[in-house]
Amino acid sequence: MLNYALLVHGAPYSHQAALSALRFADTVVTSGHRLVSVFFYHDGVHNASALMSPPQDEVHLAEGWQRLHQDYGTQLLVCIAAGLRRGLLSADEANRHGLASHNVEAPFELTGIGQLVDAMLNNDRLITFAP
Amino acid sequence: MLLHLLNRSPQSTAVYRDLGEAFGVNDQLLLIEDACYAALPAASGVLAAFGGRISVLEEDLVSRGLAGRVSPAITVVDMKGFLALTETHERCVSWF
């Protein structure tokens, strides 16, 4: 059994990167490996939007990520600097910046780039999916 | 021994050139997403630097209508095969 981490740079539905990453993630966890974390960076932070509402007959990427957390304990880490720039904020960050609403909720966590370095150093594999 | 992941179509010649220069003798290349188009026999020129150590992802071939049109020198793998390549290669580099 290997410990995997994924790095996702691609925005949902704009490029194939996020869908490729989710399909790979599902293969990892159903093949006896452990998917420790997924780090969302650059435009990939949009995968964490709680307001994502795709048509019902399409893949719901945010729910796919949440399912990995619920079923396998995968950490869903969102780069806070990339998120703030793009309007992806938790309730705490919205308060801090005096904004009226937020769109990042658990199990997604806003974190620093240090968590990405940690994922690189402490897992057997880091696989990057970019647009 | 690296696994290189490539997702750009063969029209992105610069990334194929850069990857060719970085490609080691025991490395392996996996074509995913739009890089599947490089697996067609007509595009074989862009893969000359990779010495036949090339695989292509079946799911992405199928979604582009390219299944069954792959150059015989290229191995077709499914998602389990993709995972297996990451198991046998300690490090994986993505080119995009």
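Just so it is clear, none of the values below were taken in a lab; they were calculated from the coordinates. What you see is a predicted model, and the numbers here were worked out from it, not measured in a lab. Positions of Cβ are generated from backbone atoms using ideal geometry, with glycine treated the same way; all protein chains shown enter the neighbour counts.
Scan the range A:42-52 for residues that are buried (at least 22 other Cβ atoms within 10 Å of the Cβ) and either within 11 Å of chain B (Cβ to nearest Cβ) or under 21 Å from B:ALA35 (Cβ atoms) (or both) and jot them down.
A:GLY44
Can you tell me how many residues within the range A:59-82 are in a helix (DSSP H, G or I), touching a residue at least 40 places away in the same chain (Cβ under 8 Å) and within 22 Å of A:HIS15 (Cβ to Cβ)?
Count: 7.
Just give me the residues in the range B:48-96 being touching a Gly at 6+ places or on another chain (Cβ under 9 Å) and away from chain A (no Cβ under 14 Å), in sequence order.
Of everything in the range B:48-96, those that are touching a Gly at 6+ places or on another chain (Cβ under 9 Å) and away from chain A (no Cβ under 14 Å) turn out to be B:ALA48, B:ALA49, B:PHE50, B:SER55, B:ALA73, B:ILE74, B:THR75.
If I ask for residues that are within 14 Å of another protein chain (Cβ to nearest Cβ), outside any loop (DSSP other than H, G, I, E, B) and farther than 20 Å from A:GLY10 by Cα, which ones from the range A:101-131 would you list?
Across the range A:101-131, the qualifying residue is only A:LEU121.
For A:PHE39, state whether it is within 14 Å of another protein chain (Cβ to nearest Cβ), assigned to a helix (DSSP H, G or I) and aromatic (Phe, Trp, Tyr).
Against the criterion (within 14 Å of another protein chain (Cβ to nearest Cβ), assigned to a helix (DSSP H, G or I) and aromatic (Phe, Trp, Tyr)), A:PHE39 does not qualify.
Can you tell me how many residues within the range A:9-34 are surrounded by 20 or more Cβ atoms within 10 Å (Cβ to Cβ), in contact with a strand residue (DSSP E or B) (Cβ under 7 Å, 6 or more places away or on another chain) and away from every other protein chain (no Cβ under 11 Å)?
So the count comes out to 1.
Can you tell me which residue among B:LEU2, B:LEU85, B:LEU40, B:LEU6 is crowded, with 21+ Cβ neighbours inside 10 Å and hydrophobic (A, V, I, L, M, F, W, C)?
It is B:LEU6.
Can you report the number of residues in the range A:1-36 which are outside any helix (DSSP H, G or I) and aliphatic (A, V, I, L, M)?
9
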